Amino acid sequence: MSLLFSFSCFAQPSTFDFEKELDFLLYLGQNGQHADIDFYGDKLLNQKDLNKGQKDSLNFFLGFINFKGLNYDKSIKFLSKVSDESMFYPKSTFYSEICFIEKHDYFNAYNNLREVQLDKNNDLLQQLKSFELAGLSLLNRDYKSFDSLSVLFNTNNIILSNEQQLQKNEYYYKLKHLKRKSPFFAGSLSAIVPGLGLAYAGNNGQALAAFIRVAALGALSTETYIKLGPKNPQFIISATLFSFFYLGNIWGSVLCVQIIKNEKLKEIDNNIMVGLRIPIDNFFK
Amino acid sequence: MIIFSNNLFASSIKQADSLFSLGLYPDACIAYERIIYEHPEDEFIKANALLKKSYCYKAERNYLLIDNLLNRCNINGLNDTFKSQILFEQAFACYMNEKFSLAKSRILPVFNLNTTPELEKASVFLYSLILNELNSWDESKKNLISFIKRTEIKDEKLRDNLIKEVDEMYQKKNIPKIRKLKFAKTLSFILPGSGQAYSGKAVKGLISLSLASLAGAFTYFNFVDEIYSSSAAGLFFFTYFYFGNVKQVTPIVNKRNTIKKNKCNAILRTQLINLNKHLDNDKK
C-alpha cells in the first residue's frame, strides 16, 4: 500500500508549488485534457498543504474550466465551494447561477443568488444581483417579485441598462399579455371548418394541410356514396377514413393551442436567459 | 545543461513508466503530461511522452482519445521508427473506433518508413484487417501474400503453406457478394419488389409488389367506372407504395451487406490471428 502511495506521488512534484500546479492545470485545459484536469484537480484539492485561499483559487479554476466544457453539474460543485472571503466569490456566485439556468433549474438559481451576501458598498454588484434576480423571477413566473425588483433598476448603468429595458418593456410585457387561447374554441372552430382551429392557434401551414386532407376525403366519401351507395365497402372505407381525419383535425387543434403557447414561452425564456448571461460576461470580462 | 535536462527527462519518464506498470493509468497520464509541460520545446520528448500516454489509454481500452492525443505530436522531426510507432497507434485506435478510412490513411505512410520487422508485421496485419472492413478483400490478400514473400522465413515449405493458407482464406466462396445499392434501386424502379428480392428479402419484395399492384388496379378500375375521386385516392396510394418500395431498398441492402461482411470478417480475423501465430512460431 505504501509502495502504491509513493508511486502515485511521482505524478506530483516533490516540492509543492501552487502557482506552478495551477499553470499545469491551465496547460492541461489548453490542450483539451479534461479527464486529466478532473483527476488531477481532485487530487490537488485533497492536498493537506493547501491554505484556504489556494483551495478557493483551485475550486474557482476547476469550476470555470468545467463551465467552459459545459459540465454544469461539476461546475456548480466546484464554484459553490469558493468561500465568501475569496476575491473569486462574486464571479463564482454569478457563474454558478448561469449553470443552474443552463440546467433550467430556475428555482435553485433564484434561491441561491438571493441568499448570497455581496459587498454592500459595491453598487454595481448589488445592481447586477437585483437584475439577475428580476430575470429569474420572470423565468419562475413570479411577477410580484419582478415588480418589486424592477423598481431597483438603474438606467444609468451602461452594462445593465439595455438588458434591463428589454426585461421590463419586452419580456415582462410579453409574458403578462400572452393571449390565453381557448383549446375548446380551437376545437369548435375546426369542427365547423377543418383547419380553422389550427389557424386560430397560429399555425397557418398546418391549417391549410388539414383542410385539404379532410376536404379531399370528404369529396371522396360523397362521390362514392352517390355513385355506389351507402352499403358499398368502398364508401364504408372512405367514410371511416374521413371520420378518422375529421376527428383528428379537431383533436390536433386542441393540442396545437398548448403546443404553440409553450413554444412562445420557450422563445421568451431563451431571450431572458441570454439577457441574463450577457451582463455577467461583460461585468467579469 | 543538456545532460542535466536529459537526466531529468530519463528519471521522469522512468517514474511515469513505473506508474504505468503498476496499472495506475490516470496517474501515469498526468506524469507523462507533466514531462511535456516541463519540456515544451523538445519535440522528441513530447512525442515520446504522448506515445506512452496513448499506451495508458490503450490499457484502459479508451481508444476514442488516442488519435487526437497523438495528433499533438509533430512527427516531421522524428526518426522513422518513432514516426511509424505513432502512426501505427493512431491507425489501431481508428480501427478500434470503426473509423476504417481514417485508419487506412494513418497506416499507409508506415510502409514507406524504415521500421522494425515486428512493427512492419503488425502494420501489415492491421492493414489487412482495415481493408477487410472496407470490403477490399482482394487488396487485403495481395498485401498479405506480398508480405509473406518478402519476409524472412527459415522454412521455405512454411512460406508456400502460408501463401496457400491466405489463398484459401480469400477464396471466392468465403468472400460475401456485396449487393450494389444503385442496381437494387434501379430494379425496384422497374418492377416494385425486385430490388428487395435481389437483396435476399423475397417476401418483402412480394408484399411491395402486391401493394403497388393493388393500388394500381384500384386506380384503374375506379377511373373506368368514372369514380374520379376514388381513382385519385388510388393514384395517391399507388405513388406512396411505389416510391416507398424504392426507399425501402436502401436499409435492406445495407443491413444485408453489413451482416454478411461482419460474418466473413469475423472468420478472417480468427484466421489472421492463426497466420500471425504460424509466423511467430517460425521465428522461435
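The values are calculated or read from the model by the stated rules, or taken from the named source; none is laboratory data. Being a predicted model, the structure only gives us computed values, none of them experimental. So basically every Cβ, Gly included, is an ideal-geometry build from the backbone, and we count neighbours across all protein chains shown.
Summary of values
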quantity: Failed item in (1) at pLDDT 90 or above; (2) not in a helix (DSSP H, G or I), with residue B:226 passing the rest; calculated: (1)
quantity: Residue check for residue A:113: within 14 Å of chain B (Cβ to nearest Cβ), assigned to a helix (DSSP H, G or I) and crowded, with 16+ Cβ neighbours inside 10 Å; calculated: no
quantity: Within segment A:260-285, tally of residues that are part of a helix (DSSP H, G or I) and free of Cβ contacts under 8 Å to residues at least 24 places away in the same chain; calculated: 7
quantity: Counted residues, segment B:12-36 - those being of a type outside the set (Val, Ile, Thr) and facing another protein chain (nearest Cβ under 8 Å); calculated: 13
quantity: Of all residues in segment B:218-230 being buried (at least 17 other Cβ atoms within 10 Å of the Cβ) and within 10 Å of chain A (Cβ to nearest Cβ), the one that is nearest to residue B:193 (Cα to Cα); calculated: B:218
quantity: The lone exception for residue B:135 - which of (1) assigned to a helix (DSSP H, G or I); (2) out of contact with any Leu (no Cβ under 9 Å at 6 or more places or on another chain) it fails; calculated: (1)
quantity: Criterion: farther than 29 Å from residue B:49 by Cα and of a type in the set (Gly, Ala, Ser) - qualifying residue of B:123, B:105, B:146, B:101; calculated: B:146
quantity: Some residue of segment A:166-182 being out of contact with any helix residue (DSSP H, G or I) (no Cβ under 7 Å at 6 or more places or on another chain), buried (at least 16 other Cβ atoms within 10 Å of the Cβ) and free of Cβ contacts under 8 Å to residues at least 12 places away in the same chain; calculated: no
quantity: Residue identified as free of Cβ contacts under 8 Å to residues at least 40 places away in the same chain, under 21 Å from residue B:265 (Cβ atoms) and out of contact with any His (no Cβ under 7 Å at 6 or more places or on another chain) among B:145, B:190, B:207; calculated: B:145
quantity: Residue, farthest from the chain's Cα centre (by Cα), within segment B:65-84, restricted to residues that are in a loop (DSSP other than H, G, I, E, B) and under 24 Å from residue B:99 (Cα atoms); calculated: B:74
quantity: The one condition in (1) under 22 Å from the mean Cα position of the chain (by Cα); (2) within 14 Å of another protein chain (Cβ to nearest Cβ) that residue A:283 fails to fulfil; calculated: (2)
quantity: Selected residue [at pLDDT 90 or above and away from chain B (no Cβ under 11 Å)] from A:16, A:24, A:94; calculated: A:94
quantity: Single unsatisfied condition, residue B:41 versus (1) touching a residue at least 24 places away in the same chain (Cβ under 8 Å); (2) more than 9 Å from every other protein chain (Cβ to nearest Cβ); calculated: (1)
quantity: From the options A:237, A:259, A:250, residue that is loosely packed, with under 15 Cβ neighbours inside 10 Å and among the aliphatic types (A, V, I, L, M); calculated: A:259
quantity: Any chance residue A:75 is surrounded by 22 or more Cβ atoms within 10 Å (Cβ to Cβ), part of a helix (DSSP H, G or I) and at pLDDT 90 or above; calculated: yes
